[in-house]
Amino acid sequence: MKRLPSVLLLIFFFVFIMMAPQAGAEPKTDGKPDGGALNYGEYGRPTTLDPITSNDMISMRITELIFNGLVGINEKQEIVPELAERWEMSEDGKFYTFYLRQDVTWHPKEEEEPVPFTAEDVIFTYNIMMHPKTITSMKVRYEFIESVIKMDDFTVQFTLKRPILNALAKFSFKVIPQHGPANQEFLSREDPFAQKPIGTGPYMLKNITADREVILVANENYFKGRPHINKFAARPFADQNIMSQALLFNAIDMIVLVNHRDIPQIQGDKRYVLQPYNALSYSFFGYNMRNPLLADKRVRKAFTYAVNRQEMLDSFFQGQGTIISGPFAPGSWAYNLDVQPLPFDPQKAIELLNEAGFVKGDDGIMVKDGQKLSLTLKVPIAKESEAVKRVVLAFKNYLNKIGVDIEGEFKEWLSWKEDVFLNHEFDIIFASWVFDDSADISSLFHSAEIGSWKNNFGAYSNPEIDSLIVESKLTLDHEKRRTINRKLHAIIADESPYTFLWTLTNYAAFNKKLRRVAIHPYKFFSFADDWFIPTSEQR
Amino acid sequence: MSKEPVLKIENLRTYFYSKSKQAFIRSVDGVNLEIEKGETLGIVGESGSGKSVTALSVTGLISAKPGVIIGKIGFKANGVQKNLLQNLKNYVRINMNTGRIMEINKDNVGWQKNIDRLMHKIRGKEISMIFQNPKVSMNPFITIGRQITESIMLNTTIKKRSEAKERALYWLEQVKIDSPRLRYKNNPYGLSGGMCQRAMIAMALSSEPSLLIADEPTTGLDATIQSKIVDLLAEVKSTVGVTTMLISHDINVIRELSDNVAVMYGGTVLEHGPARDVLSAGHRYKHPYTAALLASIPNEQHFREKGYLQAIKGDVLDTINMPEGCRFHERCEMITDKISKLCKSHEPDLQDISPRHKVRCWLYCDS
Amino acid sequence: MKLSSVRPIALLISKELVIAAFLLLGVSFVIFIILFLSPGDPFSTMLKGQMLSGAAKAGAREALGISQAWYSQYLSWLANMLHGDFGTSTRTGLPVLGEVIRVGINTLYLTVASMLLTLLLAVPIAIFSARRGMTFFNWTSTIFTYVVSALPIFWLGYIVIYISMHQFGFFPLAFGSSSQKFDWLNFMLPVFVLGIGNGTISEVVRYLREEMERVFSEDYIRTAHAKGASIWKHSFKEGFLIPITETIATKIPFILGGAVVVEQVFNWPGMGRMAWQAAQDRDYPLIMGITLLAAIIVRLGSLIQRVVHIMVNPRASQE
Amino acid sequence: MKRYSQHSIEIGDFSGVPFWKKAAVMDLMYVSYGIFIVILVIGSYILGAFDLLPYDPHEINLDLLMAPPESTGHLLGTDFMGRDILSRLIIGIQAYFLPGLLAIAIAIIFGTCFGVLAGYWGSGFDTIVTYINNLLNSFPRLVLILLMVAAFKPDIYYIMVIVGITNVPVVASLIKGKIQFLKQKYFIEAATALGLNNRVIIFKHILWHNCRSLLIIQATLGMAEAILMETSLSYLGFGVQEPTPSWGNMVQAGANYFMQGKFWPSTAPALAILFTIMGFHLLGDGLNNILERKQGK
């Protein structure tokens, strides 16, 4: 039963030996064994497999294996060379010059000589990304770039509109080959490239099985050296419970994101390793400041006081997470440790409400000059939404205790988005954001971001915040910026346009045959080329 | 000139249990009949008098259960000789001569299985039937040709399809179907009622049975066709000369075709004898019921006399609660004071009043 | 078969095909209307915060080919479809036709197999209780059909998986995977669940039994009996063929519906799963494609049924 | 006059015959079971309405998540929010009760109208009804409903209305068939000849006398189907939404823990569904048989 795949792999091995050009492709020097295969389970299917048009985590994880950026990030969150072996930044910080590696080749199309990677590709990628007809979520991130020019075949220079702090991190965008897409102007999902991507990364797409299993095989001439594991297979599952069971029955070797309710069961099993990694995202209840009741900061604070976050964290997520007080990643330079999360204190909450002029009505619901404090909470439906349900129900419960009537409403994802971002028909939402890698919260709280399809859905506007945000964006001095962000943090925590809940600790579960597994919190597979399986357990 | 009877029915009783009435319906209640080789026995009687059930009992086609078939049906023709009701497992046990229910033996699967065993090689082969309403009695999904050849190949020595087909065509000609080769390919749906009936007769004859049971062969056909069919049957009788048991409520049909006649009423035979005696209005020994029947035939001379059509008084017998005594006495018009007590109290036997003519009535028994 | 019956059938098929065409048109229109009336412009949700200027938006709009009013959208879509171009999925960008056919075939395996299973269970039960009346076996099996057709199907699926894991120690991944090769047992489990759990089996048994009882009491069966022929042979066409094909035709939609759930549970790469995904993403072209394919399958079923009906029953052809 | 009637024995007591042989008895059993279920449903509906429940079905208890049965006084244990399953089970029927009736009402009323139109008055309606029927049958029902619910709003009333609508043509075609059958029997001509007006013929003779059993069957089947449909939708995430309890979303929520060997939270509602739907099916079939037998006589 195991015979067939291994034979196939052998064949591929030969093919690549044939094709491997003399340049590069030196094996890794760490003396760890090559071989073995890793089947990991994903809940759902990838949209597209190219880094530009795809917009979901599953695709992002796969593209992380197939593509590289100019710069990368190591396990200590430091910026390290990747496709660019070194770079220079002009004094005024407007010009970034990247010197590209010369030994990099694109994944060979079948029976073809691998094409070398050049500056052309970088420019091509940028142009396609910014083309108006290309629909991608990355545009916004790269608005700061003025232009890009090719100095020579292996040198590119980016010109920035204005200097910004740690712009370098942003140059980690994945580069796609010029000879990849059929349409050279812009990239749409119809383009065959979107399903048959060609990259420079450690793994290359072999095929997609009848079962929509995405099969990746080792790139023999990866410029960082051949990855150890021969094959990655991303298997889509339609039911998370079944997926966990699949792991426990060795039908798959890894689950990238374990459902928290399954953690105890997997912990109990010695054959598997649970590896924590920080989900670079935080959950929150967001308030609609357009609603006069919620415009009053005391009310919002009262809500925050009323919610027992620790209890929720413990009983729903096995306590795997940290409660936060502001919009920055805890432990990051921007996070202000002096701002403590508000404690659970219903009494205080009630007092605050009374201050705000609310009194308990005879039906136990707070009333302010004849207006009941009853709000609608809108939540998007997902099939696997138990955790969400739990948090929402608990929230409702807590607020009922202090005399607030919450009307929970679960809506289908797209119509929810519309209600929130377009029509702004909501009082409270439950959602989560991904931390911005450069701690930029302008899109969330800057008053300029109020409007349809803008992220400041709550219409929170505060001139002080606005000015601080702008300031922090413009400043180039890291220390100065740090202090500004700490200030921002403090103010937002006090104003509490959101009730910040927590950032969770996610768990990847995998068969313990996998060794030296390091996980990038967000992109997950960044270091996958170092993972290996001891020869004895390769089967 | 005494030939041995092909079929000898003795004291046949066929009851059905009616769930709704919670009682047994005595459709056939002590019938004695015999048919001699080559003769045609006509059975006449009102509807519900048990004619058809008798026939079905003989061929073991009674499907309703639980119920009773009991008695003796001796069948004797080329080689075969057996009682068709040999130790049949019945749902109830009854007293052979009075027909009283003695006991109900529980949980009985019915007789279907072992009747099929008994009837093996007889039903269809030795005894074949003609039913009423030919159009529904022929399989509407199969061409008549196929149906006839099937019965030929099942029941005769012919086993090859081609021969069977020739044979079938022969029989179709015998029954005067025009352009048989064409009809051979037709489904019953494509044929007229008369055609169907002819086809069915052909099918019945095609297995060369030693007994042919025609159950109301003319019912459900319109008058002209009826007479044609009757002619056909008469002709068949003369040419093929098959022993026939002809069942009809139409006295004219009976009179035309049968040598002997049995008059049935309330599940038993009231009169049995040569057709000419039984069915001639002027005959002196006659059962009141037969007389009434004959009187009820519309004929214009009688109509001129009386000015209306004679009908039998009273209504059809309640077959669940038989009246004690003669079954007919409640409707009988010839009861004389001398015998009326007898009529009410005891049922008369079927006794000879002249050779081969039996009547079941107190009028004609001395003492 | 005989020439005489070929013509009516050819005629009928052409007639049915015309009807089917109209129906499919109707189906596509209904779906289109639903999608059109549904709140929310999926396009703008898709573009959320990805566009710089209105002009760019317009550009992207036409790139996606949704710029005109709804009826012209529908008509153009229809026109393309008649050229065999069903558009591409807005989610994966793959051509809808290919995708739908690919998953459609998988679903067809599942559906047909479980249909067969349903019949394999239902027909014997029906026959026995029609012929032998209510014996203990028939009674229990009838009750059994009632039970299984009242079970929530995904729960049944969970039970089956749980048992297969903890009793037999294997994990049902239909279609195998790169690590597990295709395995009949894995293939059979979903079929089993859908076959007995699709909630129609009791109706099927009931219907078949009634039909058979009716046919067995027909006069022509008695005739066949009287001439010593096998009543099975004679009752086959009206008593089995027609009712069974009828059942198949009428129950296909239900089984397809059940497939949606079973495919989720057993991770079956089929139409139902895709339908669910598409419904969530408002993937218009894909939804269209899937529903049309489903409709086509259903129509095919009823076409077969009609043809069989004509072939066995000459009367029908005259009508 | 004395007759030797033999009722003494012929009240042929079938006592010795095993019960499953006696169709009448079986049907009675079916029907009585069905009625029992219906009473149970109505009863629990009333209980819910006057909330006479062991616990408050919405009361959240985070210290007692997924408590096994019989522990801490929760007869059937608690669910993933520590809510009492029994109470939610009882109140859960409310998700189906009125909506289900609505679905049935839609199906029966409109179906009957169309059926009569098609069968009684001529071919024009007939073709239309047949077309609509085929049209709706061309969708897998679940897919259609899934689509609607995803497109608009996961609300039980939506679901039920659609279930009702999809059942309209079914009822219609059945009624139509029945009427055409009656026409063949020259029954309607006779009635008209007797000078009855259409209203009487349709309502009294056609619908009441001849379509009763058929409609009853459809009603019960409709209810059963509605419940199953909601259950499947709940599994797909589009059923009745929290915090409103429905058996469907209870099974779904419980099933999340099924694989971990915690069976009770899904088994209890699943069995409730099982028995209820069986009840409806049996009720329908039994009643049908009985009425048919009546007519047969």
Percent RCO, i.e. relative contact order, over chain A, from Cα pairs under 8 Å lying at least 6 residues apart: 20 percent
Estimated FRET transfer efficiency (A:ASP363, A:GLN275; beta-carbon r; R0 45 Å; 0.05): 0.35
Over the stretch C:182-297, relative contact order from alpha-carbon pairs under 8 Å, at least 6 apart, %: 23 percent
Exercise: per-residue mean of other protein chain Cβ atoms within 10 Å, C:144-151: 5
Residue among D:TYR96, B:CYS361, C:ALA10 farthest towards the positive dipole end of the protein assembly as shown, charges placed on Cβ: B:CYS361
Three-way shape call for the stretch C:80-213 based on the alpha-carbon gyration tensor, with the a/c threshold at 1.5: oblate
Inter-centroid distance (Cα atoms) of the stretch B:232-271 relative to the stretch D:53-125, Å: 69 Å
Degrees, to the nearest 10: A:463-474 long Cα axis against longest axis of chain A: 20 degrees
Kirkwood hydrodynamic radius (C-alpha pairs) into Stokes-Einstein, the stretch D:176-287, 20 °C and 1.002 mPa s, D in µm²/s: 126 µm²/s
Globularity index of chain A, i.e. its alpha-carbon radius of gyration over 2.2 N^0.38 Å: 1.05
Kyte-Doolittle mean at least 0.5, axial Cα span of 27 Å or more - DSSP H helices of chain D: D:23-49, D:94-120, D:156-184, D:209-236
Over the protein assembly as shown: Rg over Rh, Cα atoms, Kirkwood Rh: 1.10
Chymotrypsin sites (Phe, Trp or Tyr not before Pro) restricted to the stretch A:243-338 and DSSP loop, no more than 14 other C-beta within 10 Å: A:TRP333
Dipole of the protein assembly as shown [Lys/Arg +1, Asp/Glu -1 at C-beta], most positive-end residue of D:LEU194, A:LEU65, A:TRP531: D:LEU194
Distant-in-sequence amide H partners of B:VAL6 (H built 1.01 Å from N, under 5 Å): B:ILE35, B:GLU36, B:LYS37
Estimated FRET transfer efficiency when R0 is 22 angstrom, pair B:ALA295-B:LEU342 (beta carbons, to 0.05): 0.35
Amide H contacts under 5 Å for B:VAL269, placed H, 5+ residues apart: B:ASN32
GNM top mover of D:GLY124, D:GLY177, D:GLY237 - chain D, alpha-carbon springs below 10 Å: D:GLY124
Computed FRET value (nearest 0.05) for D:THR127 with C:ALA10, which takes r as the C-beta separation and R₀ as 22 Å: 0.45
Cα shape, the stretch A:321-385, gyration tensor, a/c 1.5 rule: oblate
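About its Cα centre, how strong a charge dipole does the stretch D:12-131 have in debye, to the nearest 20, once Lys and Arg get +1 and Asp and Glu get -1 at the Cβ?
Charge dipole of the stretch D:12-131: 440 debye, to the nearest 20.
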Extent along principal axes [Cα atoms of the stretch A:325-449; Å; largest to smallest]: 49, 39, 32
Along chain A, longest interval not containing exposed GluC sites (Glu not before Pro), exposed being DSSP loop plus at most 15 other Cβ atoms within 10 Å: A:186-424
Rounded, prolate or oblate (a/c below 1.5 giving rounded, otherwise prolate when a/b exceeds b/c) for chain D by Cα gyration tensor: oblate
Dipole in debye (nearest 20) - the protein assembly as shown, about Cα centre, beta carbon charges: Lys, Arg +1; Asp, Glu -1: 5960 debye
Long-range amide H partners of A:GLY403 with built H, under 5 Å: none
Karplus 3J(HN,Hα) series, Hz, for the stretch A:339-349 with 6.51 cos²θ - 1.76 cosθ + 1.60 (x for Gly, Pro): 7, 7, x, 4, x, 6, 8, x, 4, 4, 4
Separation of alpha-carbon centers, the stretch A:267-331 and the stretch D:217-288, rounded to whole Å: 34 Å
Using alpha-carbon coordinates, inclination of helix A:119-130 to the longest axis of chain A, degrees: 30 degrees
Relative contact order of chain D, defined on C-alpha pairs under 8 angstrom at six or more residues apart (%): 24 percent
Where only alpha carbons of the stretch A:128-176 are counted, the Rg and the Dmax (Å): 11.5, 30
Spacing of the two label points (7 Å from each Cα toward its C-beta) at A:ARG515 and B:LYS185, in nm: 8.3 nm
Per DSSP, loop trypsin sites (Lys or Arg not before Pro) in the stretch A:110-181 with at most 16 further Cβ within 10 Å: A:LYS161
Cβ charges +1 (Lys, Arg) and -1 (Asp, Glu), total dipole of chain A, debye: 1080 debye
Inter-site label distance for B:ASN95 and B:ALA234 at 7 Å from Cα along Cβ, in nm: 4.8 nm
In the stretch D:148-231, chymotrypsin sites (Phe, Trp or Tyr not before Pro) in a DSSP loop with at most 12 other beta-carbon atoms within 10 Å: D:TYR186
In nm, spacing of pseudo-spin labels at A:TRP453 and A:ALA490 (7 Å Cα→C-beta vector): 3.9 nm
Reciprocal mean inverse distance between Cα atoms of the stretch D:75-170 - Kirkwood radius, Å: 15.5 Å
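No value in this document is a laboratory result; all are computed from the given coordinates. This one's a predicted model, so the numbers in the text were calculated from it and none came from an experiment. Backbone-built Cβ (ideal geometry, glycine too); neighbour counts: all protein chains shown.
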